[in-house]
Amino acid sequence: MKFDRNRALELLRKGTGLPHAGFHENQDRAIQHVVEGDGSLLVVQKTGWGKSNVYFIATKLMREQGAGPALLISPLLSLMRNQISAASRMGVQAETINSSNTEDWEDIIAKVHRDEVDILLISPERLANPEFREQVLGVVAQNIVFLVVDEAHCISDWGHDFRPDYRRIERLVRLFPANLRLLATTATANRRVMDDLREILGPNLRVMQGDLNRPSLTLQTLRIPEQFQRMAWLAEWLPRMRGSGIVYVLTVRDAERLATWLKRRKLNVEVYTGQMKNEDREDLENQLLENHVKALIATVALGMGFDKPDLGFVVHYQAPGSVVSYYQQVGRAGRDGNDAYGILLSGKEETDILDFFRRSSFPTPREVEKIIEALEPAPDGLSTYELQSEVNIKPTRLTQATKILALESPAPLVQQGRKWQLTPTKLSPSFWERVKRLTDLRKEEQDQMQDYVSLPRGHMEFLITALDGDPSKVRPFGLPQLPARTDTRMVQAAERFLRNNMGTIDPRKRWPTAMGTPEYSGNIPKELQACPGRSLCDWNDGGWGTEVSHGKYTTEHFSNELVQACAGLVRKWAPSPAPQWVTCIPSRRSLDLVPDFARRLAQALGLPFYVSLSKVRDHPPQKEMANSAHQCRNLIGAMQTDIQNIHRGPVLLVDDIVDSGWTFTMAASLLRRARSGEVWPLALADAKG
């Protein structure tokens, strides 16, 4: 096909809305390469270079010459929304099939059948759907001329953001004709990832790599160990930064807590996480795009593909897991060429969080063994819910494990409808070799990130070198370095905030699925449910959480300060009807730790204390139970009530740590059956998340 540079430039200007826009270095060469069918191409260019313009312009030029449609595989909904908007400005008819638009699938599939779609955007997870493969992919595969793999580093298990479903692309490529035009794009691929992509996408893959320097970014790292110190720093310095931006955090809980604090300091911020509804996330993206918020406090859910060229700052509340992922996230700022800050605040909790993420990336040999043992006596297979009942594995880890195992080639298990079934294939020893290699790699990347944190200068050079780029063109900082110091009063206010940031304990309303016990199935009767409870703090949150940990594991005694803090919490909470007495969760391992605390709390509240529950059966610690079915089953018959010590009014039910909430649920059910009043759970610390 013919490449018309003038037409390509016209489309570029329509897409960008800039009447005098010109191609970035090698942008037109990449488009020409695709249109003229010169073979597979990997474009490695920094964020903001305009990789999406390459595939949209190429698609439009080929469609105008009578070619079939393009298929774009893209990892995130935010990326898809941005891309469809950009495509429409060029007159490219782009559609997406994803989890947020299921009501539109039928119409979109009909358009695909009528050849009214220029480019179809899908997630890699969609490739696992048999209906999609039959109704859509089967049709597209007959006429497709162009396959685009965006954020292609996700294919490589060497990549910092490897996603198991991306491995389906390797199989997909084999289904298409050898002359299919293939374009892979990414901003973050070092030589190791590029070599892996050549092996997966074909040895003739040509690489077009650009300059990775971001001259508009002023990078800086500050070690600020305590969360309340970083919260104070952000409250003081965020308002002084240009424009709007993003503050990245490692966990949803940190995002919510930090946003609450900043809002109390009158900063216009909002929370953005992957747990939110798609429409809410889209609304928040638009608020940031239109500068209606100062910042989004976001997890990595706001990552690849979000494009706001004039972001004035990207701040990290904790260090991410790798230098490569940091480069991609901080690269959201300053794309318009104006100076912008990229500040990394390193905290002491990040190591524990990142270690947890690393350990959770792959199933353990014992977990795989449990899954296979559960499936062996089930020739018809087991659903995910049935597997949860059989194996003591967290639901998220079980889902991840079955997905990873099913993507092996050949696979030891497959999904038939809703059931998982074993195949005759045994898991190859090379699988565990790869798991170890990748787990070790993640640790190396984590250590490299800490090397970056320790740098006094040369941050951009460090990042570019880590990506195997050329660091020689880096220029000096454009903005002044910011101090680590913070106003003492602000620090004190942040610490007070953490110590008054009580959490909510939501009551369980249904027993777990597949419990196998009629008494504990379906809805929990309302008259047996716990009421909404409260927790004093989050486990090890830098506020009261550190003191709770110290009392539980070091002194084996909770301080009087914690007693007074909980008494103040109850008064502030003011549950209604008010508790008339206090009891606690029993334990055989720490006989007097919680009862002693609950007794002193009752005294501080002026309420009587009764030992109303006792342990009558030893069982493994609840923290060793990984999902709801096992957590609940572990407690059946473990506690009983002492009828002589049941008071008839509402009761405050005290424990030190709450996690799943099933201990409170089971204890509340026993107390209510024994004719207590309403049960109000109170925990010193919440260990969820």
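Of the candidates 426, 419, 403, the single residue that is basic (Lys, Arg) and over 27 Å from the mean Cα position of the chain (by Cα) is 426.
Within the stretch 271-285, residues that are under 13 Å from residue 299 (Cα atoms) reach no partner that is assigned to a helix (DSSP H, G or I) and aromatic (Phe, Trp, Tyr) with beta carbons closer than 9 Å at six or more positions or on different chains. A single entry from 588, 571 fulfils the requirement of being surrounded by fewer than 16 Cβ atoms within 10 Å (Cβ to Cβ), free of Cβ contacts under 8 Å to residues at least 40 places away in the same chain, outside any helix (DSSP H, G or I) and in the same structural domain as residue 537 (by TED's automatic domain parsing): 588.
Criterion applied to 578, 626 was being within 30 Å of residue 397 (Cα to Cα), assigned by TED's automatic domain parsing to the domain that holds residue 679 and not in a helix (DSSP H, G or I), and the one residue passing it is 626.
Just a yes or no: is a residue in the stretch 624-631 in contact with a His (Cβ under 6 Å, 6 or more places away or on another chain), more than 15 Å from residue 506 (Cα to Cα) and not aliphatic (A, V, I, L, M)?
Looking only at the stretch 624-631, we keep the residues that are in contact with a His (Cβ under 6 Å, 6 or more places away or on another chain), and these are none.
No, there is no match, as no residue in the stretch 624-631 is in contact with a His (Cβ under 6 Å, 6 or more places away or on another chain), more than 15 Å from residue 506 (Cα to Cα) and not aliphatic (A, V, I, L, M).
Taken across the stretch 222-230, residues that are in contact with a strand residue (DSSP E or B) (Cβ under 9 Å, 6 or more places away or on another chain), surrounded by 19 or more Cβ atoms within 10 Å (Cβ to Cβ), of a type in the set (D, E, K, R) and not assigned by TED's automatic domain parsing to the domain that holds residue 481 do not occur at all.
Within the stretch 221-280, the residues that satisfy the criterion of being among the charged types (D, E, K, R) and assigned to a loop (DSSP other than H, G, I, E, B) are 226, 242, 265, 266, 277. So, residue 565, is that one touching a residue at least 60 places away in the same chain (Cβ under 8 Å), assigned to a helix (DSSP H, G or I), of a type in the set (A, V, I, L, M, F, W, C) and in contact with a helix residue (DSSP H, G or I) (Cβ under 7 Å, 6 or more places away or on another chain) or not? So residue 565 passes the test. For residue 75, the stated conditions do not hold, so it cannot be described as in a loop (DSSP other than H, G, I, E, B), out of contact with any strand residue (DSSP E or B) (no Cβ under 7 Å at 6 or more places or on another chain) and modelled with pLDDT of 90 or more.
With respect to residue 657, determine if the residue is in a strand (DSSP E or B), out of contact with any Gly (no Cβ under 7 Å at 6 or more places or on another chain) and under 30 Å from residue 370 (Cβ atoms).
yes
Applying the set (1) over 33 Å from the mean Cα position of the chain (by Cα); (2) on the phi > 0 side of the Ramachandran plot; (3) in contact (Cβ under 8 Å) with a residue 60 or more places away in the chain to residue 637 leaves exactly one unmet item: (3).
Residue-by-condition table, conditions (1) at pLDDT 95 or above; (2) within 21 Å of residue 325 (Cα to Cα):
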{"residue": "252", "(1), (2)": "no, yes"}
{"residue": "260", "(1), (2)": "yes, no"}
{"residue": "272", "(1), (2)": "yes, yes"}
{"residue": "279", "(1), (2)": "no, no"}
{"residue": "283", "(1), (2)": "no, no"}
{"residue": "294", "(1), (2)": "yes, no"}
{"residue": "301", "(1), (2)": "no, yes"}
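Scanning the stretch 504-527 for any residue that is surrounded by fewer than 16 Cβ atoms within 10 Å (Cβ to Cβ) and within 30 Å of residue 264 (Cα to Cα) turns up at least one such residue. Only one of the numbered conditions (1) of a type outside the set (Gly, Ala, Ser); (2) out of contact with any Leu (no Cβ under 9 Å at 6 or more places or on another chain); (3) within 30 Å of residue 422 (Cβ to Cβ); (4) at pLDDT 90 or above is violated by residue 351, and that is (3).
For the stretch 542-554, does any single residue satisfy the condition of being buried (at least 19 other Cβ atoms within 10 Å of the Cβ), part of a helix (DSSP H, G or I) and in contact with a Lys or Arg (Cβ under 8 Å, 6 or more places away or on another chain)? Checked against the condition, which is being buried (at least 19 other Cβ atoms within 10 Å of the Cβ), part of a helix (DSSP H, G or I) and in contact with a Lys or Arg (Cβ under 8 Å, 6 or more places away or on another chain), the stretch 542-554 yields at least one hit.
Considering the stretch 486-499 alone, what residues qualify as being surrounded by 12 or more Cβ atoms within 10 Å (Cβ to Cβ) and without any contact (Cβ under 8 Å) to a residue 60 or more places away in the chain? If you could, list the steps in order and put the result at the bottom.
Of the stretch 486-499, the ones surrounded by 12 or more Cβ atoms within 10 Å (Cβ to Cβ) are 486-487, 490-499.
Within the stretch 486-499, 492, 496 meet the criteria.
Taking the stretch 204-225 as the range and being of a type in the set (A, V, I, L, M, F, W, C), more than 16 Å from residue 51 (Cα to Cα) and within 28 Å of the chain's Cα centre (by Cα) as the test, the residues that pass are 217, 219, 222, 224. Out of 343, 371, one residue alone is in the same structural domain as residue 408 (by TED's automatic domain parsing), crowded, with 16+ Cβ neighbours inside 10 Å, in contact (Cβ under 8 Å) with a residue 12 or more places away in the chain and hydrophobic (A, V, I, L, M, F, W, C). It is 371. Taking (1) in the same structural domain as residue 323 (by TED's automatic domain parsing); (2) more than 30 Å from the chain's Cα centre (by Cα); (3) without any contact (Cβ under 8 Å) to a residue 60 or more places away in the chain in turn, residue 470 satisfies each apart from (3).
The values are calculated or read from the model by the stated rules, or taken from the named source; none is laboratory data. No experiment lies behind these values; they were computed from the predicted model shown. Cβ: placed from backbone, ideal geometry, glycine included. Neighbour counts: every protein chain shown.
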